[in-house]
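Visitor: Okay, here's the structure, questions in a sec.
Read the figures in this text as sums done on the coordinates, not as results from a lab. Only a predicted model underlies this, so the values are computations on that prediction, with no experimental measurement involved. Don't worry about glycine lacking a Cβ; one is built from the backbone with ideal geometry, like all the others, and counts go over all protein chains shown.
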Amino acid sequence: MNPLMPPPQRNLSEADRREIHAALVRTSHAAAPRPRRRTLVLVPALALAGVAAVGLSLPSGSGLAVPGAPVPAGPVPTATPDRTAGSSPIPAAEPIDRGPLSSSVVKKIVTQCLRDFAGGPTVDQVHFARRTSINGDVVLLTDSTGMSHICTHHSDATPSAMAGGAGDESARPTPSRRQPVVQQAGFDLNEGVSGVGGTTRSYSETHYRVDPDVASLQVRLTVDGHTGPWFEASMADGYAWAAASLEYSGAKQKAIPNYHLEDRAFDATGHELDINHARR
């Protein structure tokens, strides 16, 4: 028999054909894997959107993670109360500064201030020239002999009311980072009584050299147990003129009152600064 030729077909009976068909069916069912039953769950798109919205609305710092959101590095910051809008770390005080003086007003005040000094000194440098609410016009200067002068003038006073004071400018300490405020002169008390048993009005003043770090210089006056408000000094070009006033009912009870002028200074952050009171 030729091995390349298929064997001749055999004639099968009907019974043999059925038996072979049944065997083939059984074999095919056993070999094929049974499919796994799956359940399809449909989630509406609106429901998913709602979940995302809830996740994004969680407050910061709650400690709950939003699915799919990046995890921040480090600890979650906690909220801190903000300072009230417009507030300042420096204590409030009533300002006395009313602006700079014109050159013509400065010349008039200086002329009247120096005319009574022997030798007729001339002006070497004007350090400070401002208008104030308590002492009127104030000019601080150094003359040609190295002496410093305080010249004040009230608008309702005559030129003779201008006052001058002198001191050796070179002998006074200057401001430093350790002591940014240096008092340049002592202070006296000025008092007046209006009416019978009326109101006692008192005021006092002094001046300072100040470092650029000084943001505020304040003084207040106490007379015979009566304490007035804090007043903000007028500052310009490294100098400061400070004055405080006080009013209380009733005539003064002592011929020589007990009085005291307090002062304090601050930087821009509200930190209190040291003051050199060498001139007291």
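Visitor: For the ranges 173-185, 123-135, what's the packing order if you count other beta-carbon atoms within 10 Å of each residue, average per peptide, and put the highest first? Before the final figure, lay out each step's value.
Guide: Numbers: 173-185: 16.5, 123-135: 18.4.
Highest-to-lowest ranking by the protection proxy: 123-135, 173-185.
Visitor: If you stretched the chain out fully between His277 and Asn258, how much longer would it get, using 0.36 nm times the residue separation minus the C-alpha to C-alpha distance?
Guide: On the way: separation 19, 0.36 × 19 = 6.84 nm, distance 1.94 nm.
Fully extending the segment from His277 to Asn258 adds 4.9 nm.
Visitor: So, one more: Once you treat every alpha carbon in the range 94-276 as an equal point and sum by Debye, what is log10 I(q)/I(0) at q = 0.12, 0.14, 0.18, 0.20 Å⁻¹?
Guide: Values returned for q = 0.12, 0.14, 0.18, 0.20 Å⁻¹ are -0.61, -0.81, -1.23, -1.38.
Visitor: About its Cα centre, what dipole magnitude does the range 94-276 give when the only charges are +1 on Lys and Arg Cβ and -1 on Asp and Glu Cβ, stated in debye to the nearest 20? Please report the intermediate quantities before stating the final value.
Guide: Values: 15 positive and 23 negative charges, 64 e Å.
I would put it at about 300 debye.
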